[in-house]
1. Among the numbered criteria (1) out of contact with any Phe, Trp or Tyr (no Cβ under 9 Å at 6 or more places or on another chain); (2) modelled with pLDDT of 90 or more, which one does ASP309 miss?
2. Is there a residue in region 130-142 that is modelled with pLDDT under 95 and either under 26 Å from the mean Cα position of the chain (by Cα) or exposed (fewer than 15 other Cβ atoms within 10 Å of the Cβ) (or both)?
3. Return a yes/no flag: does region 82-89 have any residue that is crowded, with 20+ Cβ neighbours inside 10 Å, outside the structural domain of HIS47 (by TED's automatic domain parsing), in contact (Cβ under 8 Å) with a residue 24 or more places away in the chain and within 21 Å of PHE32 (Cα to Cα).
4. Is there any pair with a first residue in region 351-362 that is without any contact (Cβ under 8 Å) to a residue 60 or more places away in the chain and a second that is assigned to a loop (DSSP other than H, G, I, E, B) and of a type in the set (A, V, I, L, M) whose Cβ atoms are under 9 Å apart and which are 6 or more apart or on different chains, and what are they?
5. Consider region 268-315. How many of its residues are within 21 Å of THR397 (Cβ to Cβ) and either in the same structural domain as ARG406 (by TED's automatic domain parsing) or in contact (Cβ under 8 Å) with a residue 40 or more places away in the chain (or both)?
6. Failed condition for LEU292, given (1) outside any helix (DSSP H, G or I); (2) touching a helix residue (DSSP H, G or I) at 6+ places or on another chain (Cβ under 6 Å); (3) surrounded by fewer than 21 Cβ atoms within 10 Å (Cβ to Cβ), with all others met?
7. Only one of ASP399, ASP381, ASP454 is under 24 Å from the mean Cα position of the chain (by Cα) and either of a type outside the set (Gly, Ala, Ser) or in the same structural domain as MET291 (by TED's automatic domain parsing) (or both). Can you tell me which?
8. Can you name the residue in region 454-488 that is in contact with a Cys (Cβ under 9 Å, 6 or more places away or on another chain) and assigned to a loop (DSSP other than H, G, I, E, B) and, of all such residues, is nearest to ALA344 (Cα to Cα)?
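The values are calculated or read from the model by the stated rules, or taken from the named source; none is laboratory data. Everything numeric here is computed off the predicted structure, so don't read it as measured data. No Cβ is skipped: glycine too gets one built from the backbone with ideal geometry, and neighbour counts run over all protein chains shown.
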Amino acid sequence: MFPLNEEKYAIIDIGSNTIRLVIYLKEKSGRFQEIENVKAVARLKNHLEENHYLNQEGMGILANIVRSFKEVTDTYELNGIICVATATIRQAENKAEIIQKIAQESGYDTRILSEEEEAYYGYLAVVNSTTVSEGITIDIGGGSTELTYFKDRQLVYFKSMPFGALTLKQMFVEHDVPTEREMEQIKTYLQQQFTSIPWLYNKQVHLIGIGGSARNMIQIDQALKKYPLAGVHQYRIQENNMGYVKNHLRKFPFKELQKVEGLSKDRADIILPAIEVFHTLYEHTGATSFMLSRKGLRDGIFYEQIMHDFGITKFPNVREESFNELIVDFNINYKQVHQVITIATKIFDALRNSGLGYVGKIDYELLKRGAYVFNLGKYIDSESSSQHTFYLLANRTIDGLMHTERLKIALVASFKSKHKFKQYLKPFKEWFVKEEKKKLQTIGALLKLAYCFDSTKRNIVKDMDMLVDEEVITIHVYCDRDWMPEAYQVEKQKKHLEKALHRNINVCFCYQQ
């Protein structure tokens, strides 16, 4: 393993289907950003003989790949490299020879993960990158499938199943695309396998998919829907969507299947067996939804390393951690954010108590999160900060936020005017009812006004009170210093909240008594 005070490090993940090299840069916020991601299709499972020895052809493929990866890792100044291997190497009788071969060709010291470790790291990645407190994770590899059940973010059960996408293809599929009869055979086999695990049945919780097959299924669903947001992490679908994707793919001959948008060409022959695993498990568990976690085994290993020195295994609050990363990455002024939240909350409470703007107690977190990242696009360019703010927040994965939540924050944090708001909202207009749209406009305009009260970042506003009547909202603002710059910005920008509320707003500044 390696200390985490250096900037770059790498992990090599030797799976049964693919072998992947990922190089990470540790950013100033502590977040790990991928700067290199290289995948090689090895299909090592196909080279594991009946006597459980990896044959010479498989050894040769593995050796060529790790030599190629070494050329890449040698170009970086890396603090350390982790190399892990999963099911096929774990099952191989000649695993000692394989480990020696990897070391000889690349210098990598390979750690073979146990079934429990492989399942645990997937679970750890999920609970540290989502807010799901109870769920079942499934990670389909080429030669095995790892399942876990966690509750209150604690791992309760795990199971490594003796099949993967490649195994199912070898067992049941004669050609590249399974026939209807072969799919039925796969389903029957899976039902028998899942029935043998007592803690799986009818759990009625989120089913969380990890790994390439789950990601491909989600990408296909997004392509079919022409999904307007970027990113797949925490994207959710229901059973009918899963069935639709499966039936859609079964229409294509293999040559055409390889060209389907969202599907990796090298997974075209195993995607249908993999989706059948997800679909059958969804039915067996009575899942409430299927959600993708883009974070998986490799991320779980890093989470363990990150938190080791702190004596914990999980972030106390995934969302808080994500927003702290944003504050650091975009040089957000935390002192000003705190002041703006205080001001915005006072205005928000007055509106809520008066029944204005469709805002309710449940919207307080949206107000707070929006205040944290309001207008962060100025980090890139102040002239077009609104556009940058919306694009960054709408299209950046924010751990702990579902896609709709992320979009809401993007809409309120990028608020510049009603016109711009409608422009950003247009591709998503079917996502929200009329009242929800008005609420988002109100909160965006409110945040814009709240920042005006601290436009010089001097924290001069010490208190305020509001009087709301049928025609006018009067705000009394108490300051400890001259307020001329703030008063100018408030008068200039209050019109946006006036339009959202259909009320005039009078603001009276005075010295604090």
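1. (2)
2. Scanning region 130-142 turns up at least one residue that is modelled with pLDDT under 95 and either under 26 Å from the mean Cα position of the chain (by Cα) or exposed (fewer than 15 other Cβ atoms within 10 Å of the Cβ) (or both).
3. No.
4. Pairs that qualify, where the first residue is without any contact (Cβ under 8 Å) to a residue 60 or more places away in the chain and the partner is assigned to a loop (DSSP other than H, G, I, E, B) and of a type in the set (A, V, I, L, M), are ARG352/VAL359.
5. 20
6. The failed condition is (3).
7. Going through ASP399, ASP381, ASP454 in turn, just one is under 24 Å from the mean Cα position of the chain (by Cα) and either of a type outside the set (Gly, Ala, Ser) or in the same structural domain as MET291 (by TED's automatic domain parsing) (or both): ASP399.
8. The extreme case among them is ILE460.
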